[in-house]
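The values are calculated or read from the model by the stated rules, or taken from the named source; none is laboratory data. Fair warning: this is a prediction, and the values are worked out from it, not measured in the lab. Methodologically, a virtual Cβ is constructed for each residue, glycine included, from the backbone with ideal geometry; neighbour enumeration extends over all protein chains shown. Calculation scope for accessible area: heavy atoms of the full protein, side chains included, ligands and nucleic acids excluded. Shrake-Rupley method; radii C 1.70, N 1.55, O 1.52, S 1.80 Å.
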Amino acid sequence: MAHKQVTEFVPLNIAVLTVSDTRTEENDTSGHLLVDSVKTAGHKLADKAIVKDDIYKIREVISRWIASETVQAVVVTGGTGFSGRDSTPEALLPIFDKEVDGYGELFRQISYEQIGTSTIQSRTVAGFANGTVIFVMPGSNNACRTAWDGIIREQLDSRQRPCNFVEQLKKVEG
């Protein structure tokens, strides 16, 4: 059976999570950048939250979105460094059904051109959980732009060839 090639854009329901002990809705520049990026790409903002850098608080929000019938993708900014409180990868790796190893590899390759060897401190991860794709990136605006513009936008675009993640996501009736 031939795989049907999607030629029209399929808007997704995407949630944005900022992991930070200091950011508020007023100064969450990276979170706002991602919200704007999601909407500019033609997707729908499913939800937005800011959570303290705590493994269980991160898992609480992400688990709610994974269990949702409507959230198809999540972009997470922050908590990816090596300081004592940076714990986003540790929070999410056990939740993933499958990891997207190439995401972190490609992010660091693109980032190397911008920040050199400092990119090895970018513990970016991605994976699937319950038909939801989750992309994690560092908390800087530049890192969010690099991840969204360089990788995520195309992988969440149903028209991207030769492949994209849209067919792998949970279906939303509507």
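Side notes on the structure shown:
- Long-range neighbours under 7 Å by Cβ, at least six apart or interchain, first residue free of Cβ contacts under 8 Å to residues at least 24 places away in the same chain and farther than 17 Å from Arg153 by Cβ within the range 30-57, second part of a helix (DSSP H, G or I) and aromatic (Phe, Trp, Tyr): none
- Condition broken by Arg123, with the remaining ones in (1) open to solvent by less than 70 Å² (accessible area, probe 1.4 Å); (2) part of a helix (DSSP H, G or I); (3) in contact with a helix residue (DSSP H, G or I) (Cβ under 9 Å, 6 or more places away or on another chain) satisfied: (2)
- Filter pass, Val172 being of a type outside the set (Lys, Arg), under 12 Å from the mean Cα position of the chain (by Cα) and not in a helix (DSSP H, G or I): no
- Candidate set from the range 35-71 (those that are polar (S, T, N, Q) and in a loop (DSSP other than H, G, I, E, B)); member that is most open to solvent (accessible area, probe 1.4 Å): Thr70
- Against the list (1) closer than 16 Å to Ser20 by Cα; (2) outside any strand (DSSP E or B), the condition Val75 fails is (2).
- Some residue of the range 91-110 being of a type in the set (Val, Ile, Thr), farther than 23 Å from Asp21 by Cα and under 12 Å from the mean Cα position of the chain (by Cα): yes
- Residue list for the range 126-150, filter: polar (S, T, N, Q) and assigned to a loop (DSSP other than H, G, I, E, B): Asn130, Ser140
- Any chance Arg108 is farther than 20 Å from Glu60 by Cα and not acidic (Asp, Glu): yes
- Here Asp149 meets the list (1) under 19 Å from Ala41 (Cβ atoms); (2) surrounded by 19 or more Cβ atoms within 10 Å (Cβ to Cβ) almost entirely, failing just condition (2).
- Test result for Arg85, surrounded by 12 or more Cβ atoms within 10 Å (Cβ to Cβ) and at pLDDT below 95: yes
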